[in-house]
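Just so it is clear, none of the values below were taken in a lab; they were calculated from the coordinates. Bear in mind that the values here come from a model prediction, so they are computed numbers and not experimental data. Neighbour counts run over all protein chains shown; Cβ positions are idealised from the backbone, glycine included.
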Amino acid sequence: MRTDLFIMALVAVLLSIVLGQLGFFDAARLTKGLQNMGILTWEMLPPDASVLPVAGEALWETVQMSFAGTMLGFLVSLPLSVLGTRHLFSAPVSNLSRLIAAGIRTVPVLLWAILFVILVGLGPLAGTLGVAAYTVGYLAKIYAELFEGTDPEIVEAVRGTGASRLHLVRFVVLPEGANAILTQLLFMLEYNIRASSILGFVGAGGVGFVMQVYLQTLEYRRLATVLLLILVVVLIMDGLSAWMRRRFLLTPQS
């Protein structure tokens with residue numbers, strides 16, 4: 001008990017020191033920030049509905065990029081994560097797979113978008129490939145850890161019947177992790193829609209380009225319209241994800 005209290009107190013002290021170094025306790029700075037926020041909010045009201053056609057088209061492009069990039073990333077990450085499962089493959093194979101995933105995951109999605117803009121040019125294709133690359137790094141890590149959590153007794157029992165690695169993956173690992181696989185995929189899709197909103201800032205297509213233009217020209221009312229549209233899409237995706245979880249996730253039989 002004393003050890004726990006000591007650790008909690010130590011974390012609190014370290015947090016206070018870090019926040020102080022970052023300026024969190026600078027009252028004058030925070031007050032100025034709140035005033036600026038109030039001015040910005042005032043200048044964003046009311047939203048300018050005249051940009052709905054342009055913003056809606058750009059946002060639809062962002063949704064398409066997110067969906068295609070997420071699905072491509074998922075298709076690559078699944079076999080990569082299987083190869084990274086230590087109790088299915090030897091250490092050299094699993095370690096190499098995890099190293100590849102870690103290397104991909106190290107690069108932020110915005111930098112991936114910049115790299116693909118250089119490779120394939122401006123437009124939504126670069127954004128789609130950037131989203132796909134980031135998705136591979138994230139899901140490969142999550143799925144590899146998930147597959148390693150499969151009950152080892154079940155794995156050994158099926159292996160004892162002479163099942164191959166492919167059979168273990170097909171009939172044990174994937175069915176056992178089906179719920180988590182779908183849950184993480186849906187979460188990744190939701191995240192990518194949010195993340196893809198800024199890819200247009202680097203020429204990778206989508207609504208980010210429109211946002212950048214409105215920011216540079218100080219058209220805050222138009223920017224507010226774009227932000228509200230993104231909010232609507234995010235809420236729709238949350239509802240759709242909830243429905244898909246209810247519809248497709250496996251539930252224990254009573």
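Here the chain is treated with +1 on each Lys and Arg Cβ and -1 on each Asp and Glu Cβ, and its dipole about the Cα centre works out to around 240 debye. Phi angles of region 202-210 translate, via the Karplus equation with coefficients 6.51, -1.76, 1.60 and θ = phi - 60°, into HN-Hα couplings of 10, x, 9, x, x, 6, x, 5, 5 Hz per residue; Gly and Pro are given as x. When only Cα pairs below 8 angstrom with a gap of at least 6 residues are kept, region 51-248 shows a relative contact order of 30 percent.
The alpha-carbon atoms of the chain, seen along their principal axes, cover 70, 55, 45 angstrom, with the largest extent given first. Between the Cα long axis of helix 2-21 and the first principal axis of the chain there is an angle of about 40°, rounded to the nearest 10. Using the rule -39500 (n - 2.57) for each DSSP H run of four or more residues, divided by the residues of the chain, the 222 nm mean residue ellipticity is -25500 deg cm²/dmol. Packing around the peptides 16-22, 238-244, taken as the average count of other Cβ atoms within 10 Å per residue, puts them in this order, highest first: 238-244, 16-22. 3J(HN,Hα) couplings calculated from phi for region 55-69 with the Karplus curve 6.51 cos²θ - 1.76 cosθ + 1.60 (θ = phi - 60°) are, in sequence order, 5, x, 5, 5, 5, 4, 4, 5, 4, 4, 4, 5, 5, 5, x Hz; Gly and Pro show x.
Give the peptides 223-230, 89-96, 57-64 in descending order of average Cβ contacts within 10 Å, highest first. Kindly include the intermediate steps, with their values, before the conclusion.
On the way: 223-230: 20.9, 89-96: 12.6, 57-64: 19.4.
Ranking the peptides 223-230, 89-96, 57-64 by packing returns 223-230, 57-64, 89-96.
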